[in-house]
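Single-structure report; data block below.
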Amino acid sequence: MDTGQEGRMRLPEESCTLVAVGAGPAGLCAAREAAACGVRTTVLDENDKGGGQLIKQIHRFFGSREHGAGKRGFEIALELAEDCANAGAEIRLNHRVLGFFEDGRLLVEGDFIYVLEAKAVVLATGALERSFPFPGWTLPGVMGAGAAQTLVNVHGVLPGKRAVLVGSGNVGLIVAYQLLQAGMEVVGILEVEDRVGGYEVHESRVRREGVPIYLRHRLLAVEGLEGVEAVLAKDLEKGTVKRFHADTLCLAVGMIPQAELASMRGCRMVFVRELGGFIPWHDGDMRTDRPGVYVAGDAAGVEEASIAMDEGRLAGVAALEDLGALSPNEARKRKEELKRRLNLLRGGAAGRPRAMAKERLAAGWRHR
Ligand SMILES: Cc1cc2nc3c(=O)[nH]c(=O)nc-3n(C[C@H](O)[C@H](O)[C@H](O)COP(=O)(O)OP(=O)(O)OC[C@H]3O[C@@H](n4cnc5c(N)ncnc54)[C@H](O)[C@@H]3O)c2cc1C
């Protein structure tokens, strides 16, 4: 550590051409594009493993073969990280981006705190689990379903013995099944709507294991002295209250884009309900309204891993074009192909509202 003339601490400084913040599918794919084109590329992730959410996914993925369908999430994570490193990108794990300086340089915490300057920054920081307050919500044993999944699949630790899940979307169904596989009892899944939110295949799997899904049931409270002892839910049809004996409550009630860094960088933020909340405004090529700043994956709107991969590639290609590392003609061809794939991925009933939201964003995009 150096000390300047005025006695102020001077932090070590480094530079690269493109930096991807986040080593999930979006960041790894963006970085791979850039590194494969000969651009000096660094990927930063605060986690000690690359792959983002995928490292805890032990189920086989759906979708197209190009996006790893049929493989387990953690296998896809390993492949993406290997591919990215083989292309020449430097992947720095245990490196957290703390923020931006006004001039766009990044403040990073690794073994020590340093400043990183990059001509292009791809923000691929993923999403956070949504939560909400209710009586008892701070008791030990109340957690996000993703947190329970991390405990079980990454650290090999059971969060408890008997779980109730809230939310019957894919995350709730998948995590319920994985808790069962790990040896926990799943007492039930509460769903406030009158139908299950996730795919039929995930629903059938938990139903086959005898897990009841309580439709039109609203979580009321969690009871316990030093931890969860019971979960109370209201049956909205009958108006009665049910009590479940459980020591774990997992919330699977949606994800929120993790886009604070974009906001700190001064990117224009917009609220898009279909995409999970506030996201940085971006055009159809994943450029934000800040020159040299791109966004991809769940940070640009909560969707799926396959979409995160192609959005990452798109952001990488757009950055290469802006850096002059790819000819406009080549960039155009690659972007067209990636957009075609993204349209296909968003083609289903669940994807269409998100596709329309992305189109609206792109159409309304203005450079500041
Ligand atoms: C239970 C569950 C099951 C799922 N199943 C499927 C499925 O079957 N198929 C599918 O397609 N998708 C699935 N998904 C969704 C998929 O995992 C995500 O859409 C995808 O991982 C998003 O990729 P990403 O790169 O945008 O973000 P992430 O994978 O979340 O990666 C973001 C990375 O950024 C890092 N990061 C964040 N902030 C910082 C910072 N300040 N400094 C440094 N690093 C930072 C994080 O550590 C993380 O590694 C599932 C998700 C969950 C929770």
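The values are calculated or read from the model by the stated rules, or taken from the named source; none is laboratory data. Values in this document were obtained by computation on a predicted structure and should not be read as measured data. Here Cβ is always computed from backbone atoms with ideal geometry, including for glycine, and neighbour counts include all displayed protein chains. These accessible areas exclude ligands, DNA and RNA; they are computed on the full protein's heavy atoms, side chains included. Shrake-Rupley method; radii C 1.70, N 1.55, O 1.52, S 1.80 Å.
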If you go through Arg65, Arg40, the only one that is without any contact (Cβ under 8 Å) to a residue 40 or more places away in the chain and in contact with a strand residue (DSSP E or B) (Cβ under 7 Å, 6 or more places away or on another chain) is Arg40
Residue that is nearest to Asp48 (Cα to Cα) [pool: residues in segment 85-120 that are open to solvent by 60 Å² or more (accessible area, probe 1.4 Å) and within 11 Å of the ligand (Cβ to nearest atom)]: Asn94
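Can you tell which of Ala315, Ala296 is of a type outside the set (D, E, K, R), touching a Gly at 6+ places or on another chain (Cβ under 8 Å) and within 13 Å of the ligand (Cβ to nearest atom)? If you could, list the steps in order and put the result at the bottom.
Values: Ala315 fails: touching a Gly at 6+ places or on another chain (Cβ under 8 Å).
Step by step, each of Ala315, Ala296 is checked, and only Ala296 is of a type outside the set (D, E, K, R), touching a Gly at 6+ places or on another chain (Cβ under 8 Å) and within 13 Å of the ligand (Cβ to nearest atom).
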All positions within segment 268-297 that are open to solvent by 10 Å² or more (accessible area, probe 1.4 Å) and over 14 Å from Ala357 (Cβ atoms): Arg268, Met269, Asp285, Arg287, Arg290, Pro291, Gly292
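Yes or no, residue by residue, for (1) assigned to a helix (DSSP H, G or I); (2) touching a residue at least 12 places away in the same chain (Cβ under 8 Å); (3) touching a strand residue (DSSP E or B) at 6+ places or on another chain (Cβ under 7 Å); (4) assigned by TED's automatic domain parsing to the domain that holds Gly316:
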| residue | (1), (2), (3), (4) |
| --- | --- |
| Cys16 | no, yes, yes, yes |
| Ala20 | no, yes, yes, yes |
| Gly27 | yes, yes, yes, yes |
| Ala35 | yes, yes, yes, yes |
| Asp48 | no, yes, yes, yes |
| Gln53 | yes, yes, no, yes |
| Gly70 | no, no, yes, yes |
Select from segment 219-256 the residues that are in a loop (DSSP other than H, G, I, E, B) and under 18 Å from Leu151 (Cα atoms) and write down the one among them that is most open to solvent (accessible area, probe 1.4 Å). Asp247
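I'd like to know if segment 281-304 contains one or more residues that are in a strand (DSSP E or B), among the charged types (D, E, K, R) and touching a residue at least 24 places away in the same chain (Cβ under 8 Å). Please lay out each step first, then the result.
Our first condition is that a residue be in a strand (DSSP E or B); within segment 281-304, this holds for 287, 293-295.
Now narrow it down to the ones that are among the charged types (D, E, K, R): 287.
Checking which are touching a residue at least 24 places away in the same chain (Cβ under 8 Å) leaves us with 287.
So far as segment 281-304 goes, yes, one or more of its residues are in a strand (DSSP E or B), among the charged types (D, E, K, R) and touching a residue at least 24 places away in the same chain (Cβ under 8 Å).
Residues of segment 162-172 being within 17 Å of Asp194 (Cβ to Cβ) and near the ligand (Cβ under 9 Å from one of its atoms), which ones? Can you show your working first?
Let us first name the residues in segment 162-172 that are within 17 Å of Asp194 (Cβ to Cβ), namely 166-169, 172.
Matches in segment 162-172: Gly172 only.
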